[in-house]
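Trainee: Below you will find the structure I want to go over with you.
Just so it is clear, none of the values below were taken in a lab; they were calculated from the coordinates. All of these numbers come straight from a predicted model, not from anything done at the bench. Here the Cβ positions follow ideal geometry from the backbone for every residue, glycine too, while neighbour counts run over all protein chains shown.
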There are 2 protein chains.
Amino acid sequence: MSKSLTLLSPVDTVACCSPLSRQPLSQQQADQVAPLLKALADPVRLRLMSLVASHVGGEACVCDLNDAFDLSQPTISHHLKVLHEAGLLDREKRGVWVYYRARTEALTNLGTLIGETSA
Amino acid sequence: MSKSLTLLSPVDTVACCSPLSRQPLSQQQADQVAPLLKALADPVRLRLMSLVASHVGGEACVCDLNDAFDLSQPTISHHLKVLHEAGLLDREKRGVWVYYRARTEALTNLGTLIGETSA
DNA sequence: CGATGACATCGATAACTGTCAATATCGACG
DNA sequence: CGTCGATATTGACAGTTATCGATGTCATCG
């Protein structure tokens, strides 16, 4: 049984917070949102996220992602795992290859939480 | 009312990136954006940012911020410094008190970069 | 001037993070 | 079955970070 992370991931709880500038975030809310930002707060992971999210079909193969960086394969695998465990990337194994898919609604929610100022 | 930090801060360069999901972020872009996210990627700093941004007048006194946390004064001062150096908070000393003001346009740009999916 | 109070800086420490080489896992294929 | 190629995991190491107590700075007030 592949552990597909059906547990509560941080990403599930972000949608319920009003924007930063609207009212003070509670400690609980902050504790939920911070891991998501932490997962994104790395140049390599930002590029990985962007590569996957902007890729045709909304998904990308690890084999392609590895080539985009001057880093070792385990390092890329580690960063993908971080993004996956934060709930920002979905993981699917097809044959020998593994495909990651961006959870765009997670990005949308995060963007709204951070950037929205009026509603 | 001297403007501290008129130097280039990371926040100045975020507006020029198209959203994550639009096209792959370049390494340079990622290197510019990541520090901003890193500054926000901490529960205490998220709450600080939210407290200041949502405060009446758009600014808040350190004396008020300290009381909102169960942390030492140097620790809060440290987190405020991180947010300030990232370009997310402006700092102004008035008499004995120091006021921090949120750079809402920075938050808006960040939010757009992360969350925008269509344009 | 000396005291007080608000905030910043310093120095230390424990915990966390990014990276790699080595190794494991696991499908596909002959 | 045995090999190969694609990813993941492990273990180790260097660099970073969150936190605190102690101390410094600086404006205000008596």
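Trainee: Using the Cβ atoms and a cut-off under 9 Å, what net charge is assigned to the surroundings of B:LYS38, where Lys and Arg are +1 and Asp and Glu are -1?
Mentor: Numbers: positive: A:LYS38; negative: A:ASP42, B:ASP42.
Here the count lands on -1.
Trainee: If one computes the Cα centroid of segment B:57-93 and of segment A:36-93, what distance in Å separates the two points?
Mentor: Using only Cα atoms to place each centre, the spacing works out to 33 Å.
Trainee: While we're here: For each of A:SER21, B:SER54, count neighbouring Cβ atoms within 10 Å of the residue's Cβ, then give the residues from fewest to most. List each step's numbers first, then the result.
Mentor: Details: A:SER21 23, B:SER54 18.
Fewest-to-most ranking of A:SER21, B:SER54: B:SER54, A:SER21.
Trainee: Which pairs, out of A:LYS81/B:LYS38; A:LYS38/A:LYS81; A:LYS38/B:LYS93, put more than 23 Å between their alpha-carbon atoms? If you can, show how the numbers build up before the last one.
Mentor: Working: A:LYS81/B:LYS38 18 Å; A:LYS38/A:LYS81 13 Å; A:LYS38/B:LYS93 31 Å.
From A:LYS81/B:LYS38; A:LYS38/A:LYS81; A:LYS38/B:LYS93, over 23 Å: A:LYS38/B:LYS93.
Trainee: If we count every other residue with Cβ under 12 angstrom of A:TYR99's Cβ, Lys/Arg +1 and Asp/Glu -1, where does the sum land? Write out the running numbers ahead of the final one.
Mentor: Working: positive: A:ARG91, A:LYS93, A:ARG94, A:ARG101; negative: A:GLU59, A:ASP64, A:ASP90, A:GLU92.
Spelling it out: positives minus negatives among the neighbours equals 0.
Trainee: Can I ask one more? Using modelled amide H (1.01 Å from N, peptide plane; none on Pro or chain starts), what sits under 5 Å from the amide H of A:ARG103, excluding residues fewer than 5 places away?
Mentor: Distant-sequence amide H within range of A:ARG103: A:LEU89, A:ASP90.
Trainee: A follow-up question, please. Under a crude label model (7 Å from the Cα following the beta-carbon direction), how far is A:CYS61 from B:ASP31 in nanometres?
Mentor: For the pair A:CYS61/B:ASP31, the computed spacing is 3.1 nm.
Trainee: Still on this structure: In nm to one decimal, list the spacings between the A:GLU85 label point and its equivalents in the other copies, with label points set 7 Å along Cα to Cβ, shortest first.
Mentor: 2.7
Trainee: Tell me the label-point distance for the pair B:LEU71, A:LEU71, using the 7 Å Cα-to-Cβ offset, in nm and rounded to one decimal.
Mentor: 2.6 nm
Trainee: How big is the charge dipole of segment B:20-119 about its Cα centre, in debye rounded to the nearest 20, if each Lys and Arg gets +1 on its Cβ and each Asp and Glu gets -1 on its Cβ? Each step should come with its number before you reach the end.
Mentor: On the way: 10 positive and 11 negative charges, 25 e Å.
That gives a dipole near 120 debye.
Trainee: Over segment A:25-111, what is the relative contact order in percent, taking alpha-carbon pairs closer than 8 angstrom and at least six residues apart? Intermediate results must be reported in sequence, preceding the final value.
Mentor: Values: 81 pairs, mean separation 26.0, N = 87.
Computed value for segment A:25-111: 30 percent relative contact order.
Trainee: Defining the label point at 7 Å along Cα→Cβ, can you sort the distances from B:SER72 to the same site in each other copy, shortest first, in nm?
Mentor: Label-point separations across copies, in nm and ascending: 3.7.
Trainee: Here is a further query. When the expected Rg is taken as 2.2 N^0.38 Å, what fraction or multiple of it is the alpha-carbon Rg of segment B:25-114? It would help to have the intermediate numbers written out before the result.
Mentor: Working: Rg = 13.4 Å, N = 90, 2.2 N^0.38 = 12.2 Å.
Computed over Cα atoms of segment B:25-114, the ratio equals 1.10.
Trainee: So how do A:VAL52, A:VAL82, B:VAL56 line up by other beta-carbon neighbours within 10 Å, fewest first?
Mentor: Details: A:VAL52 27, A:VAL82 19, B:VAL56 6.
Ranking A:VAL52, A:VAL82, B:VAL56 by Cβ neighbours within 10 Å, fewest first, gives B:VAL56, A:VAL82, A:VAL52.
Trainee: Along Cα→Cβ at 7 Å, what distances in nm separate the A:THR104 label point from those on the other copies, shortest first?
Mentor: 2.9
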